[in-house]
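First up is the structure itself, then whatever we jot down about it.
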There are 2 protein chains.
Amino acid sequence: MRIPILKLHDCLLVSIQWELDDQTALQFQEDLLNKIHETNAKGVVIDITSIDFIDSFIAKVLGDVINMSTLMGAKVVITGIQPAVAITLIELGIGLEDVLTALDLEKGLEKLQQELGD
Amino acid sequence: MRIPILKLHDCLLVSIQWELDDQTALQFQEDLLNKIHETNAKGVVIDITSIDFIDSFIAKVLGDVINMSTLMGAKVVITGIQPAVAITLIELGIGLEDVLTALDLEKGLEKLQQELGD
């Protein structure tokens with residue numbers, strides 16, 4: 001299984017709607033970085049509204065992919081972080097300090113466009 | 001595997017990026033109709049840019065899901081139909097007469113918003 005990555009203008013949209021297994025998470029990481037490279041995307045919105053639990057491996061992959069995307073020059077917005085996911089991320093020390101967050105995909109995209117407009 | 005369906009304002013976005021097997025196609029049909037019902041979406045954009053071949057079963061499911069969505073009151077735009085896919089659809093008599101089409105996701109979304117604005 002691979003997670004589709006949608007291109008909308010200069011942003012990429014990803015919605016993770018089912019729990020990821022390790023293989024899918026790693027595949028997603030690779031696919032997203034390739035897609036950023038291919039499309040010259042300036043921003044990425046990752047919506048994880050439907051994820052209400054993540055394990056430490058997935059949390060690490062998510063933290064990594066955000067840092068890697070930032071390194072490649074794309075701004076990342078994570079939307080829909082659920083309470084349990086926030087707890088896991090903080091407990092694991094994945095603070096996502098430089099990452100924008102928003103409530104849902106629409107608000108995430110708005111926030112990203114504001115940022116990119118600056 | 002299930003295909004994620006993204007909600008953006010009053011539209012749903014779907015990008016099918018890998019060949020569907022029969023089970024996934026039927027699951028997608030069910031998921032999309034449920035999502036239209038849940039979100040009261042007025043429009044759906046289905047991007048099939050990455051699909052360069054469809055068999056008769058998938059073509060039928062695609063034709064059906066478009067008709068079903070229309071029946072539920074959502075306008076459907078199909079984007080990125082490849083030559084081989086267009087050939088298959090027409091040869092199977094799935095003419096998609098009432099369906100809007102566009103080149104890519106951005107243009108599809110624009111077209112949909114124009115239509116919904118009327």
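The values are calculated or read from the model by the stated rules, or taken from the named source; none is laboratory data. Nothing here was measured: the structure is a model prediction, and the numbers come from that model. Positions of Cβ are generated from backbone atoms using ideal geometry, with glycine treated the same way; all protein chains shown enter the neighbour counts. To get the accessible areas, we keep the full protein, side chains included, count just its heavy atoms, and leave off ligands, DNA and RNA. Shrake-Rupley method; radii C 1.70, N 1.55, O 1.52, S 1.80 Å.
Once you list every other residue whose beta carbon is under 13 Å from the beta carbon of A:S56, what net charge do they have if Lys and Arg are +1 and Asp and Glu are -1? Local charge sum for A:S56: -3.
For region A:5-116, the residue among A:I87, A:Q29, A:L100 whose Cα projects farthest onto the positive side of the dipole built from Cβ charges is A:L100. Here the simple spin-label model places points 7 Å from the Cα toward Cβ, and for A:A86 and A:T101 these points are separated by 0.5 nm. Between helix B:56-71 and chain B, what is the angle of the helix's C-alpha long axis to the longest principal axis, kept within 0 to 90° and rounded to the nearest 10? For helix B:56-71, the angle is close to 20 degrees. If you run the Gaussian network model on chain B, springs between alpha carbon atoms under 10 Å, then out of B:I46, B:I36, B:I94 the most flexible one is B:I94. Ranked from shortest, the separations from the 7 Å Cα-to-Cβ label point of A:Q27 to its equivalents in the other copies are 1.2 nm.
Give, as a single signed number, the net charge of other residues whose beta carbon lies under 13 Å from the beta carbon of A:V65, with Lys and Arg counted +1 and Asp and Glu -1. Walk me through the intermediate numbers first.
Working: positive: A:K35, A:K60; negative: A:E30, A:D31, A:D64.
Residues close to A:V65 contribute a combined charge of -1.
Can you figure out the FRET efficiency of A:D10 with B:D10, using R₀ = 25 Å and their beta-carbon distance, to the nearest 0.05? Once rounded, the FRET efficiency stands at 0.65.
Considering the rotation that superimposes chain B on chain A, the residue of B whose beta-carbon lies nearest the axis, and that distance in Å, is B:M1, 2. With 22 Å as the limit on Cα-Cα distance, the pairs of A:K7/A:K60; A:K107/B:K35; A:K35/B:K75 that go past it are A:K7/A:K60; A:K35/B:K75. Label points for A:I87 are taken 7 Å from Cα along Cα→Cβ. From this copy to the others they lie 5.6 nm apart, shortest first. Put simply, the amide H of A:V76, placed in the peptide plane, has neighbours under 5 Å in A:V44, A:L100, leaving out anything fewer than 5 places away on its chain.
With the label put 7 angstrom out from Cα along the Cα-to-Cβ vector, B:L116 ends up 1.9 nm from the copy partners, going from closest to farthest. From the largest down, the protein assembly as shown spans 56, 36, 33 angstrom on the principal axes of its Cα atoms. Note on exposure: A:M1, A:M68 ranked by accessible area (1.4 Å probe, complete protein assembly) read A:M1, A:M68, with the most exposed listed first.
Calculation over all alpha carbon pairs of chain B in 10 angstrom steps from 0 returns a P(r) of 14, 51, 32, 3 percent. Only beta bridges with both residues in region B:4-118 are counted; by DSSP, about 20 percent of them are antiparallel. Tilt of helix B:105-117 relative to the longest C-alpha principal axis of chain B, in degrees (0 to 90, nearest 10)? Compared with the principal axis, the helix lies near 50 degrees. Per-residue 3J(HN,Hα) values for region B:17-24, derived from phi via the Karplus relation 6.51 cos²θ - 1.76 cosθ + 1.60 with θ = phi - 60°, read 10, 9, 3, 8, 8, 4, 5, 5 Hz in sequence order (x marks Gly and Pro).
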